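Worksheet: one structure, shown below.
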């Protein structure tokens with residue numbers, strides 16, 4: 001294993017087309033785009049924003065009700081049925097759809113939870129200026145979890161299921177949906193306001 | 001004259017985005033990022049081979065995913081298995097055109113378009129096709145954006161199997177196509193992730 005040597009500051013390479021660019025510090029106040037392929041090179045830095053941490057904590061508070069409360073209720077000839085996010089995963093597992101159950105568990109439960117949890121941990125450790133050994137692992141894991149978190153697609157799934165069951169029975173939206181909408185807003189805010197490059201820079205300048 | 005980072009011997013870390021100077025990427029010596037310790041290379045290693053493997057696997061699994069039943073509605077003891085397409089047709093006939101369109105786009109159009117785009121991108125690199133690099137990069141970003149929406153049908157299944165679990169009156173059961181379709185979605189996500197768009201732009205420098 002060889003550690004690569006450092007290169008001078010002010011150089012940026014485009015992640016999508018590898019174009020090498022010279023940038024100055026003043027450029028970083030606004031969002032930067034690649035002149036050749038228009039990729040986003042960096043996001044505008046806003047050091048005062050605490051929105052990512054606030055959204056992550058609020059998301060965690062909403063998490064348990066969003067996962068366990070009923071999302072939709074169905075009334076068919078006097079028989080009542082309801083579903084929760086967790087219940088859907090358990091039902092699929094019991095029906096021997098293990099692969100599907102694990103995938104849905106990851107995309108709709110585990111990944112959003114870990115995304116919020118890791119954002120909170122990273123946010124707190126940046127504000128306390130204490131960087132544990134696991135900090136890089138947290139950041140890498142957070143990015144991976146964020147890419148697998150698909151609650152917005154799940155929300156669309158609720159709409160499709162609602163419309164599909166409107167005809168044979170009486171469907172109604174239950175409390176879990178409201179929690180899920182709140183959770184979704186928190187996740188979107190959390191992803192929008194988290195500044196990854198800044199977190200890496202804090203880690204680099206930790207000592 | 002545009003200069004790429006590779007021409008200057010600089011590699012961008014795909015994990016944390018830090019630039020580092022490395023000499024050559026050989027088997028004997030592997031480079032690691034000084035900031036996040038991830039392995040460094042100029043381009044994603046074996047990008048095209050891995051993209052091909054995932055794409056072909058996904059293309060083959062499209063067949064069982066579309067032929068086998070994905071959802072069975074059992075109402076008063078009578079089973080009615082649905083494939084992805086027949087589900088869309090039923091929604092359309094029930095005058096739910098908007099929802100039918102959403103399900104069609106998410107479950108049929110998106111996986112097919114995604115596979116076609118990935119194949120076009122790989123072929124553009126391998127056969128040096130004279131395509132616009134800008135447009136290819138737009139296509140690459142497009143498949144990254146839409147890929148996750150194919151999960152819609154799977155989430156809907158997990159909602160329906162619990163919601164409609166009413167004993168003799170009605171139950172919904174998932175079918176064998178669900179697993180195949182889940183595999184298609186995951187494999188196309190992997191295929192899109194393993195394609196390195198910088199290979200397209202490298203064609204200009206040869």
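Each reported figure results from applying straightforward, stated rules to the coordinates on display, with no laboratory input. Only a predicted model underlies this, so the values are computations on that prediction, with no experimental measurement involved. Reconstructed Cβ throughout: ideal geometry from the backbone, glycine too, with neighbour counts over all protein chains shown.
Things to note:
- The share of alpha-carbon pairs in chain B lying farther apart than 23 Å comes to 56%.
- Within chain A, all pairs of alpha-carbon atoms sorted by distance into 5 Å bins from zero give the percentages 1, 6, 12, 14, 15, 14, 11, 9, 7, 5, 3, 2, 1, 0, 0.
- Peptide B:141-149 is shielded by partner chain Cβ atoms: per residue, an average of 2 of them sit within 10 Å of its Cβ.
- Note on residue A:99 and residue B:94: the model spin-label points, each 7 Å out from Cα along the C-beta direction, lie 2.8 nm apart.
- Spin-label model distance (nm) - residue B:142 vs residue B:34, 7 Å beyond Cα toward Cβ: 4.1
- In this label model, residue A:61 and residue B:23 are separated by 5.7 nm, measuring between points 7 Å along each Cα→Cβ vector.
- Ranked by how many other Cβ atoms sit within 10 Å of their own Cβ, fewest first, the residues A:25, A:16, B:202, B:153 fall in the order A:25, B:202, A:16, B:153.
- For the protein assembly as shown, the Rg and Dmax computed from alpha carbons only, in angstrom: 23.6, 74
- Considering only A:80, A:110, A:180, the Gaussian network model of chain A with Cα springs below 10 Å gives its largest mean-square fluctuation to A:80.
- Fewest-first ranking of A:133, B:43, A:29, using other Cβ atoms within 10 Å as the exposure measure: A:133, A:29, B:43
- Shielding score for B:72-78, defined as the mean number of other chain Cβ atoms within 10 Å: 1
- Against chain A, whose longest principal axis comes from its Cα atoms, helix A:151-165 is set at around 20 degrees.
- Shielding by other protein chains, B:11-18, mean Cβ within 10 Å: 6
- Debye-sum result for region A:92-207 in log10 I(q)/I(0), which assumes one identical scatterer on each alpha carbon, at q = 0.10, 0.11, 0.14, 0.24 Å⁻¹: -0.42, -0.49, -0.70, -1.33
- Gap separating the Cα centres of region A:141-189 and region A:191-207, nearest whole Å: 30
- With respect to chain A, whose longest principal axis is taken over its alpha-carbon atoms, helix A:135-148 is tilted by about 50°.
- For chain A, the 222 nm mean residue ellipticity estimated from helices alone, with every DSSP H stretch of n ≥ 4 adding -39500 (n - 2.57) and the total spread over all residues, rounds to -17000 deg cm²/dmol.
- Peptides A:141-151, B:59-69 ranked from most to least packed give A:141-151, B:59-69, packing being the mean of other C-beta atoms within 10 angstrom over each peptide's residues.
- On Cα atoms only, tilt of B:110-126 relative to the major axis of chain B in degrees: 20
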